Amino acid sequence: MEKKAIAYTTNINVGNTGLVIERALERKRIEEYAKENGMTIVAWFEEEGYEENPMARPKLREALACTEPHEVVLMERAWAISRKWREIRGVMKALEAKNVRLECATRLWDCVSIMARHYYRAGGRAVCPLEANRARSINLVETYGREARVVLATGHRKIRKPAHLAFANAT
């Protein structure tokens, strides 16, 4: 059975570099992702301008209030909402209340992207890897080209040093 999805795009500012990931590129990646994963996009929401506060964006609010039947909200990356986990999580909780999931077309390895990707676990039950009661490991094969794991210790509010990488024997 094909999943129904709505899609949201906005120009994404890349830090203080002055670079922008444009909506046309986001749209292309979302369309490819939907096709590869058997999804039908039933509605598009394209934000014209940029507003730091995600909940002040008219098209994002429209997407969250969309009454068209859908199971997924597709974005090119979690950064389309924010680079701050608290804001991403707020949007994900609003979607969760409607029994809708957020999926991103691009797999990134920054902290907020990993947390957004791992938010849904065990049959749709929400789990944040940094809030779990045990340590988690994150596979970084795609980033480093060989097996590597970063173990995130629980109980730490802030990570002050870069995580130690333990590379497994490459065969």
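The values are calculated or read from the model by the stated rules, or taken from the named source; none is laboratory data. Since we're looking at a predicted model, the values are computed, not measured. Cβ: placed from backbone, ideal geometry, glycine included. Neighbour counts: every protein chain shown.
Report every pair of residues separated by at least 6 positions or lying on different chains whose Cβ atoms are under 7 Å apart, first residue within the range 21-48 and over 14 Å from LYS4 (Cβ atoms), second surrounded by fewer than 19 Cβ atoms within 10 Å (Cβ to Cβ) and at pLDDT 95 or above.
Note: pairs meeting the criteria are ARG23/GLU46; PHE45/LYS59; PHE45/GLU62; GLU46/LYS59; GLU47/LYS59.
Filtering the range 77-96 down to residues that are out of contact with any strand residue (DSSP E or B) (no Cβ under 6 Å at 6 or more places or on another chain) and part of a loop (DSSP other than H, G, I, E, B), which residue is nearest to LYS4 (Cα to Cα)?
ILE81
Out of LYS35, LYS59, I need the residue that is touching a Ser or Thr at 6+ places or on another chain (Cβ under 9 Å) and part of a helix (DSSP H, G or I). Which one?
LYS59
Taking the condition closer than 17 Å to ALA116 by Cβ, in the same structural domain as HIS118 (by TED's automatic domain parsing) and in a strand (DSSP E or B), does LEU74 pass?
Judged against the criteria, LEU74 is a match.
Within the range 1-45, can you find the residues that are buried (at least 19 other Cβ atoms within 10 Å of the Cβ), of a type outside the set (D, E, K, R) and within 16 Å of the chain's Cα centre (by Cα)?
If the condition is that a residue be buried (at least 19 other Cβ atoms within 10 Å of the Cβ), of a type outside the set (D, E, K, R) and within 16 Å of the chain's Cα centre (by Cα), then ALA5, ILE6, ALA7, TYR8, THR9, THR10, ILE12, ILE21, ILE30, TYR33, ALA34 are the ones that fit.
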